[in-house]
Amino acid sequence: ITDAVVAARILNATFVVPKLDQKSFWKDASNFAEIFYVEWFISFQSKDIKIIKQLPSKRAGKTLTPYTMRVPRKCSERCYQSRVLPVLLKRHVVHLTKFDYRLANRLNSDLQKLRCRVNYYALKFTDPILEMGKRLDQRMRMKSKHYIALHQRFEPDMLAFSGCYYGGGDKERKELGAIRKRWKTLHTSNPDKERRHEKCQLTPEEVGLMLRTLGYGNDVNIYVASGDVYGGEETLAPLRALFPNFYTKDTIASKEELEPFSSRMAALDFIVCLIAQHCHAC
């Protein structure tokens, strides 16, 4: 979303409130307005870019049909001006799909500042999400003044994308290999090479060993923010053994409390991790 806003600024185009991808691996049915405050998103950026809630069906009596296209990954400012702008001027409406890493990291300072404003100020969670996230943090602090919020990114899609091997034998190779095939542009993986170049995710056990090496004892409370960890409880068991005071949103909140956020769990975890960081926990 952040990079999409910057891309619209580069093109001097009106930006339509984005529709979130609901067909990819996660099958997340949430829409933008269920997660972020739309009115704030629009008004905060009014000096930088024009944003509308939805595309009008017609313009000057003509039906508006978006022209769908995809830009290369890490596309620069010049790339947008040469590839997208001519199409936009001709077609009037452009729909950019699969907008992940579609903007270069290095941009001029004004665009970088816009990127930061969108990321840190324009995207504001709705009150129900904020309140539930703060409630989870309060429950962790009732157990201990300080705790470690651990973002354990060990879901199947992440492991498949990494191209690494995590010791699960033929079953793992088959399962993660099938997921990896969904990304048509990924090169053939070389697990040993990825491991040597330190590009592999740490397993829950490796994270636990690292924390113990850093001096954290087994009495420390840990909040684990993650989706469905690959391998389930068997994968998490070594981390639980190292840190028995192991909590997730599911263990400190009831099913009834979490039910309204069934497709927005990541937002709750994000808030807990953010508050923990601001409070100098871990």
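The values are calculated or read from the model by the stated rules, or taken from the named source; none is laboratory data. Bear in mind the structure is a predicted one, so any value in this text is a computation, not a measurement. Counting neighbours? That spans all protein chains shown, and the Cβs are built from the backbone with ideal geometry, glycine included.
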Test for Ile35: is it surrounded by 12 or more Cβ atoms within 10 Å (Cβ to Cβ), modelled with pLDDT of 95 or more and out of contact with any Ser or Thr (no Cβ under 6 Å at 6 or more places or on another chain): no
From the list Glu194, Glu198, Glu131, Glu175, which residue is part of a helix (DSSP H, G or I) and surrounded by fewer than 15 Cβ atoms within 10 Å (Cβ to Cβ)? Glu131
In the stretch 38-67, the residues that are β-branched (Val, Ile, Thr), modelled with pLDDT of 95 or more and farther than 19 Å from Val84 by Cβ: Val38, Ile42
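Would you call Leu150 in the same structural domain as Leu236 (by TED's automatic domain parsing) and in contact (Cβ under 8 Å) with a residue 60 or more places away in the chain?
Values: in the same structural domain as Leu236 (by TED's automatic domain parsing): yes; in contact (Cβ under 8 Å) with a residue 60 or more places away in the chain: yes.
Answer is yes for this residue.
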Can you name every residue in the stretch 83-128 that is touching a residue at least 24 places away in the same chain (Cβ under 8 Å), of a type in the set (Phe, Trp, Tyr) and assigned to a helix (DSSP H, G or I)? Tyr121
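Tell me, which residue of the stretch 134-167 that is part of a loop (DSSP other than H, G, I, E, B) and of a type in the set (A, V, I, L, M, F, W, C) is surrounded by the fewest Cβ atoms within 10 Å (Cβ to Cβ)?
Initial filter on the stretch 134-167 (part of a loop (DSSP other than H, G, I, E, B)): 144-147, 152-155, 163-167.
If we keep only those that are of a type in the set (A, V, I, L, M, F, W, C) as well, we get 154, 164.
Details: Phe154: 23, Cys164: 19.
Here the residue is Cys164.
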Condition (residue is out of contact with any Phe, Trp or Tyr (no Cβ under 9 Å at 6 or more places or on another chain), of a type in the set (A, V, I, L, M, F, W, C) and at negative phi) applied to the stretch 211-231: is it met by at least one residue? yes
Residue identified as surrounded by fewer than 15 Cβ atoms within 10 Å (Cβ to Cβ) and more than 30 Å from Ser263 (Cα to Cα) among Asp100, Asp110: Asp110
When restricted to Arg182, Arg196, the only residue modelled with pLDDT under 95, in contact with a Phe, Trp or Tyr (Cβ under 8 Å, 6 or more places away or on another chain) and charged (D, E, K, R) is Arg182
Taking the stretch 207-227 only, how many residues are charged (D, E, K, R), surrounded by 11 or more Cβ atoms within 10 Å (Cβ to Cβ) and part of a loop (DSSP other than H, G, I, E, B)? 0
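I'd like the residue in the stretch 72-82 that is assigned to a helix (DSSP H, G or I) and polar (S, T, N, Q) and, out of all such residues, is nearest to Ala8 (Cα to Cα). Outline the logic, then answer.
Initial filter on the stretch 72-82 (assigned to a helix (DSSP H, G or I)): 77-82.
So of that shortlist, the ones also polar (S, T, N, Q) come out as 81-82.
Details: Gln81: 11, Ser82: 14 Å.
That would be Gln81.
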